[in-house]
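The values are calculated or read from the model by the stated rules, or taken from the named source; none is laboratory data. Keep in mind that this is a model prediction, so the values were computed, not measured. Here Cβ is always computed from backbone atoms with ideal geometry, including for glycine, and neighbour counts include all displayed protein chains.
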Amino acid sequence: EDQVTQSPEALRLQEGESSSLNCSYTVSGLRGLFWYRQDPGKGPEFLFTLYSAGEEKEKERLKATLTKKESFLHITAPKPEDSATYLCAAKEGGSEKLVFGKGTKLTVNP
Amino acid sequence: NAGVMQNPRHLVRRRGQEARLRCSPMKGHSHVYWYRQLPEEGLKFMVYLQKENIIDESGMPKERFSAEFPKEGPSILRIQQVVRGDSAAYFCASSPGGEQYFGPGTRLTVT
């Protein structure tokens, strides 16, 4: 069965303290690895799509990377407004559905 | 460009009633997806539709749930005879083919 596992479940950082979130996946014929941000009471907000091992994408303080078995979301010098739940999702070959992990709840303290 | 729109944002139903959730995709998007998020769980795929066609309903419960995306108008997720276990946030996403963009969700509470 396809599976996406995120770790840690929760992460507390001080403002400016860089860290990484992990997403490991087991899907057949990966057709895309997606990162979303979700704020409480809102829908997921699209951040990145990665398609092949070695690919990297950046947006402000966030950088997403992909290997054959996992993806990392690196957060550099985070600010309190980066506090949110970060979701990872995989799309397997032959399907359009996204398989989501349970997310990492990030809290950045001022 | 307006984002994905869902209504209502909050819906309260008594056990046994019907719930209708609506989703208007982003302009130019012909692919619509429905996901359900239960408390303390991740988003789970329910159904994927294109105009007038159900493409993949592998995540839909076999009974009481149905979805449509008519030629004109929004996509509808319909839950008949709701039970307490149906209480969840239901999210719609749309796509031109590729990334999926999510709406704000409908939070269904069954009392």
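Condition check for B:K71 on (1) at pLDDT 95 or above; (2) touching an Asp or Glu at 6+ places or on another chain (Cβ under 8 Å); (3) closer than 24 Å to A:E96 by Cα: one failure, at (1).
With respect to being surrounded by fewer than 16 Cβ atoms within 10 Å (Cβ to Cβ) and outside any strand (DSSP E or B), A:E17 fits the description.
Quick check on A:K68: is it out of contact with any Pro (no Cβ under 7 Å at 6 or more places or on another chain), surrounded by fewer than 19 Cβ atoms within 10 Å (Cβ to Cβ) and assigned to a strand (DSSP E or B)? Write out each step before concluding.
Working: out of contact with any Pro (no Cβ under 7 Å at 6 or more places or on another chain): yes; surrounded by fewer than 19 Cβ atoms within 10 Å (Cβ to Cβ): yes; assigned to a strand (DSSP E or B): no.
Here the answer is no, as A:K68 does not meet what is asked.
Which ones in the range B:84-106 are in a loop (DSSP other than H, G, I, E, B) and not polar (S, T, N, Q)? Of everything in the range B:84-106, those that are in a loop (DSSP other than H, G, I, E, B) and not polar (S, T, N, Q) turn out to be B:P96, B:G97, B:G98, B:E99, B:G103, B:P104, B:G105.
Looking at A:K57, A:K97, can you tell me which residue is assigned to a loop (DSSP other than H, G, I, E, B) and within 23 Å of B:V4 (Cβ to Cβ)?
Of A:K57, A:K97, the one residue that is assigned to a loop (DSSP other than H, G, I, E, B) and within 23 Å of B:V4 (Cβ to Cβ) is A:K97.
Counting residues that are under 28 Å from B:T111 (Cβ atoms), which strands (runs of 3 or more DSSP E) fully inside the range B:1-83 reach at least 2? Because the criterion is at least 2 residues that are under 28 Å from B:T111 (Cβ atoms), the strands (runs of 3 or more DSSP E) in the range B:1-83 that meet it are B:5-7, B:10-13, B:19-24, B:31-37, B:43-50, B:65-68, B:75-79.
Per the listing A:K105, A:K91, A:K79, the residue uniquely at pLDDT below 95 and not polar (S, T, N, Q) is A:K91. Among the residues making up the range B:30-54, a single one is surrounded by fewer than 17 Cβ atoms within 10 Å (Cβ to Cβ) and within 7 Å of chain A (Cβ to nearest Cβ): B:E41. Candidates are the residues of the range B:68-88 that are of a type in the set (A, V, I, L, M) and surrounded by 21 or more Cβ atoms within 10 Å (Cβ to Cβ); the one that is farthest from B:M26 (Cα to Cα) is B:V82.
If you check B:P25 against the conditions, is it in contact with a strand residue (DSSP E or B) (Cβ under 8 Å, 6 or more places away or on another chain) and under 17 Å from A:P44 (Cα atoms)? So that I can check it myself, show each step before the final result.
On the way: in contact with a strand residue (DSSP E or B) (Cβ under 8 Å, 6 or more places away or on another chain): yes; under 17 Å from A:P44 (Cα atoms): yes.
Against the criterion (in contact with a strand residue (DSSP E or B) (Cβ under 8 Å, 6 or more places away or on another chain) and under 17 Å from A:P44 (Cα atoms)), B:P25 qualifies.
Can you find a residue that is within 14 Å of chain B (Cβ to nearest Cβ), in contact (Cβ under 8 Å) with a residue 60 or more places away in the chain and of a type in the set (V, I, T) anywhere in the range A:71-78? Working first, answer last.
Here is the first cut: in the range A:71-78, the residues within 14 Å of chain B (Cβ to nearest Cβ) are none.
Within the range A:71-78 (the criterion being within 14 Å of chain B (Cβ to nearest Cβ), in contact (Cβ under 8 Å) with a residue 60 or more places away in the chain and of a type in the set (V, I, T)), the answer is no, since none of the residues qualifies.
The set of residues in the range A:49-70 being touching a residue at least 24 places away in the same chain (Cβ under 8 Å) and in contact with a Lys or Arg (Cβ under 6 Å, 6 or more places away or on another chain) consists of A:A64 alone.
Within the range B:55-68, work out how many residues are at positive phi and within 14 Å of another protein chain (Cβ to nearest Cβ).
Our first condition is that a residue be at positive phi; within the range B:55-68, this holds for B:64.
Within this subset, residues satisfying the condition of being within 14 Å of another protein chain (Cβ to nearest Cβ) are none.
Result for the range B:55-68: 0.
Kindly indicate whether A:S52 is hydroxyl-bearing (S, T, Y), assigned to a loop (DSSP other than H, G, I, E, B) and more than 11 Å from every other protein chain (Cβ to nearest Cβ). When the stated conditions are applied, A:S52 passes them. Checked across the range A:57-70, the condition of being closer than 22 Å to B:V47 by Cβ and modelled with pLDDT of 95 or more holds for no residue. The set of residues in the range A:20-52 being surrounded by 14 or more Cβ atoms within 10 Å (Cβ to Cβ) and of a type in the set (G, A, S) consists of A:S24, A:G32, A:G43.
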